[in-house]
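First up is the structure itself, then whatever we jot down about it.
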Amino acid sequence: MRGHEDAANSSFKLAPVHTARASTLSPPVRLNSLERLPKWLVCIPLTLQWLWLGLRYGSLTLPTAANPHITAGGLVGEGKLEYFAGMGPVALDAIAPYCAVTTRFQASDMALQQVLQLAGLRFPLIAKPNVGLCGYGVQLIGSRPALHSYLASFPKDETVMLQQYLPQEGEAGIFYARDPRTGQGRVIGMGLRYFARVTGDGWRTLAQLVQADPRAQRAVRGASHTSHLNGAWVPANGHMVRLATVGSLRVGSVYRNGHSCITPQLVAAIDAIARDMPDFHFGRFDVRFDSLAALRNGQGFHIMEINGAGSEAIEAWDPRIGIVQGLKMVFAKQRLLFAIGHGNRKNGVRPMSLLALARLHWQQLQLIARYPPSN
């Protein structure tokens, strides 16, 4: 935002408004220690550990063997639809309804409608790139014309995943790992996501509320995240306004450590889903859930997407966790990732070459730069 006057006019950009009772959301917090650090600085210790683990195990790309049926093990460049391929009925039952389209559907409203009906999808729905990360290019779509517009702005001949929008306020990333030697599966971490939002006071405009909140400002700055909303609107006192569809740190979301929500019932539910996938050993299930009580009981959740070897330990970015403890959590995940890759390599899985991995990474970065903004 360039200034208060600019922010209050009709070009003020925010995602569609969502509201929620205060009891469903965490209280506002200041940016945590890890978030204050430049991204390149956070990457230094993680890269050093990665190099050490690569030397120890004799392969810098060993994590690409973690999930043999996913491109690069899910480290980089894989498609979201790959995780759903080969799923059995237990896993598929937990997935929010979805389908895949390419940009050719922008020319035929009838063809697009048929695809949506066949998949059982109805508006509003979520459109997301098949290859992506951190919510780049993800939009909440409310109509067929809006969907056509989204597809028209998407890179040519690329695949878009359409998925039923899940209105639940609760969102979590559930980290799973299974030892390829013993077959033991467990949930090794959980991060609870809280969407970027501001709370009305009955006299300040939405633009002023955002301007006063450093975290909320992330939802309105930059070209990679945008949507239109009147910044001159004055939310009522106590009225909570959600600013983004995606639950990413880059747009002002908050992550909380949900370790206390990991129960035997939840572990059993996630383990059953993972075992109904082809050789899935390491990754994060991103879910929407009805309530924490239901989630603890292993019920009332739907999977939006799955991430593999490149999954981030989002719980380490809990504002209550300091730099040292947060880095320890990420270090532990990287050690486990290499160990799982090592176990699969002993079972005959070959890691990807460094050159092939670098090529995938470059291609993904080029695609993301061409995606329409998220909202």
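The values are calculated or read from the model by the stated rules, or taken from the named source; none is laboratory data. Please read these numbers as outputs of a predicted model, since none were measured by experiment. All Cβ positions, glycine included, derive from the backbone under ideal geometry; neighbour counts span all protein chains shown. Note: accessible area is taken over every heavy atom of the protein model, side chains too, but ligands, DNA and RNA are not part of it. Shrake-Rupley method; radii C 1.70, N 1.55, O 1.52, S 1.80 Å.
Rounded, prolate or oblate: which fits the stretch 308-375, taking a ≥ b ≥ c as square roots of the Cα gyration tensor eigenvalues, rounded meaning a/c under 1.5, else prolate when a/b beats b/c?
Oblate is the answer for the stretch 308-375, as a/c is 1.5 or above yet b/c matches or exceeds a/b.
Per residue, how many Å² of accessible area does the stretch 52-144 show with a 1.4 Å probe?
Here the residues of the stretch 52-144 average 43 Å² of exposed surface.
Which residue, chosen from 314, 362, 49, occupies the Cα position most advanced towards the positive end of the dipole of the chain, where the dipole is computed from +1 (Lys, Arg) and -1 (Asp, Glu) charges on Cβ about the Cα centre?
Of the candidates, 49 comes out farthest on the positive side.
Counting only protein heavy atoms and a 1.4 Å probe, tell me what percentage of the chain's accessible area is made up of carbon and sulfur.
So the carbon and sulfur contribution to the accessible surface is 56 percent.
Calculated from DSSP H runs of 4 or more alone, at -39500 (n - 2.57) each and per residue, what is the 222 nm mean residue ellipticity of the chain, nearest 500?
So the helix-based figure for the chain works out to -9000 deg cm²/dmol.
Within the chain, what's the longest stretch lacking chymotrypsin sites (Phe, Trp or Tyr not before Pro) that sit in DSSP loops with no more than 16 other Cβ atoms inside 10 Å?
1-202
Return the subset of 39/346; 39/328; 128/156; 80/156; 80/328; 128/346 for which the Cα-Cα distance in this structure is over 26 Å, preserving the input order.
39/346; 80/328; 128/346
Could you list the trypsin sites (Lys or Arg not before Pro) in the stretch 320-375 that lie in coil according to DSSP, counting only those with at most 11 other Cβ atoms within 10 Å of their Cβ?
320
What does the C-alpha gyration tensor say about the overall shape of the chain? Classify as rounded when a/c is under 1.5, otherwise prolate if a/b is larger than b/c, or oblate.
Prolate is the answer for the chain, as a/c is 1.5 or above and a/b outweighs b/c.
Roughly what angle does helix 39-57 make with the longest principal axis of the chain, taking Cα atoms, 0 to 90 degrees, to the nearest 10?
10
Using alpha carbons only, how many angstrom separate the centre of the stretch 177-247 from the centre of the stretch 132-152?
So the separation of the two Cα centres works out to 18 Å.
Quick one: angle between helix 354-368 and the longest Cα principal axis of the chain, in degrees between 0 and 90, rounded to 10, please.
Approximately 10 degrees, to the nearest 10.
Would you work out the charge dipole size for the stretch 72-129 about its Cα centre, treating the Cβ of every Lys and Arg as +1 and the Cβ of every Asp and Glu as -1, and quote it to the nearest 20 debye?
140
With a probe of 1.4 Å, find how much accessible area the stretch 196-245 has per residue, and write the answer as a whole number in Å².
41
For a label point 7 angstrom out from the Cα of residue 153 toward its Cβ, which stretches of the stretch 217-246 have the backbone nitrogen within less than 13 Å?
So the set is 223-229.
Regarding the stretch 195-259, what whole-number volume in Å³ per residue does the convex hull of its Cα atoms give?
89
With a cut-off of 8 Å between alpha carbons and a minimum separation of six or more residues, what is the relative contact order of the chain in percent?
It rounds to 30 percent for the chain.
With no solvent and one point on each alpha carbon, what is the Debye value of log10 I(q)/I(0) for the stretch 230-291 at q = 0.15, 0.17, 0.24, 0.26 Å⁻¹?
Result of the Debye calculation: -0.73, -0.85, -1.21, -1.27.
Only four residue types carry charge here, +1 at the Cβ of Lys and Arg and -1 at the Cβ of Asp and Glu. Report the dipole size of the chain about the Cα centre in Debye, rounded to the nearest 20.
Dipole about the Cα centre, nearest 20: 760 debye.
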